[in-house]
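Rule-based calculations on the coordinates, nothing more; no lab input. Here the structure is a predicted model, which is why all the values come from computation and not from measurement. Glycine gets a Cβ as well: all are built from the backbone with ideal geometry, and neighbour counts include every protein chain shown.
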Amino acid sequence: MTGIELVVAGLVVGVLIGATGMGAGSLMAPLLISVFGISAVSAVATDLLYSSGTKLVGGYRHFKLGTVNSEIARWMAMGSVPAAVAGVFTLHLLAASEGAQIEDKLKNAIAVALMLVAIAVVVRTFFTIRALWTDALPKDGELNRRHRILAVCLGVVLGYVFGFTSVGAGAFFGMALIIFFPLSTRRIVGTDLFHGAIVTIAAATAAVFWLPTMHLTSVGLLMVGSIPGILIGSQLTLMVPEKALRGSLASVLALSSLKLFNVF
């Protein structure tokens, strides 16, 4: 793979991130595996480091704008951060013990996660989701004990999946915020990105130590393409309907999943 190809790949993914607010982790790993032929373990490690950069920018921006519910992000991170680190460590152990045999298993795990993310994107975009337990609570109001416990538990489950596959930091957690917490739309987006930055940075740090096969140069080249791509994608939101953009993203995710399953 050449530097130009990586910059172009970063540009394409960046456009989708800027246009839909999702896709950093969900798209980069399958792209690195299917297009560039990088091993699945290396792709996850590289993807985690790449995603941490994009999430950090978005999360910081929303924090400054005041669209982050820091209480939910904090409680969710209490579960997701250690779980994501555990997911990375599990991958490290399996890679050390099974060697090349882990590749097919990891590809299948990523493919399943991608298909679930595609379904989540479709549901978030085309269906009205009724929040559970929150109808009687004011939007952006105080959390009760049940919400705090739920945030930690969701963080543990979804964080582990993310740490092991590098997929779903935005879509899975975003869906959980919509269904289980009394948040306004702008707070869902801001809290999702802010929490995503926390858990992604934690997982990426663990990957630096336990998955040394990550491609640091590739991350730099991908970011070179992604930054202008995100800016271009954000402009597309002014010209193309959001449902069309997110529908396209769901289609790309589903096709990526099928590709990893060797359907075509």
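What the table below lists for this structure:
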quantity	calculated
Simple label model, 7 Å out from Cα along Cβ direction - ARG74 to ASN108, nm	4.2
Normalised contact order of the chain, rounded percent, pairs of Cα under 8 Å and 6 or more residues apart	44
Convex hull of Cα atoms in the chain, direction-averaged projection (nm²)	13.2
Ordering of 249-260, 38-49 by packing [mean C-beta count within 10 Å, highest first]	38-49, 249-260
Potential lengthening between LEU93 and THR2 on full extension [0.36 nm per residue; Cα-Cα distance subtracted]	29.7 nm
Entries of LYS55/LYS259; LYS64/LYS259; LYS64/LYS107 with Cα pairs more than 29 Å apart	LYS64/LYS259; LYS64/LYS107
CD proxy at 222 nm, helix term only [per DSSP H run n ≥ 4: -39500 (n - 2.57); per residue of the chain; nearest 500]	-27000 deg cm²/dmol
Extension gain, VAL208 back to SER248 (0.36 nm per residue minus Cα-Cα distance, nm)	11.1 nm
Burial order of peptide ranges 142-155, 223-236 (average beta-carbon count within 10 Å, highest first)	223-236, 142-155
ILE232 versus THR217: modelled label distance in nm, points set 7 Å from Cα along the beta carbon direction	2.4
Alpha-carbon radius of gyration plus Dmax, which is the widest Cα pair, for region 192-264 in Å	16.0, 43
Cα→Cβ-extended label distance, 7 Å offset, between VAL157 and LEU255, nm	3.2
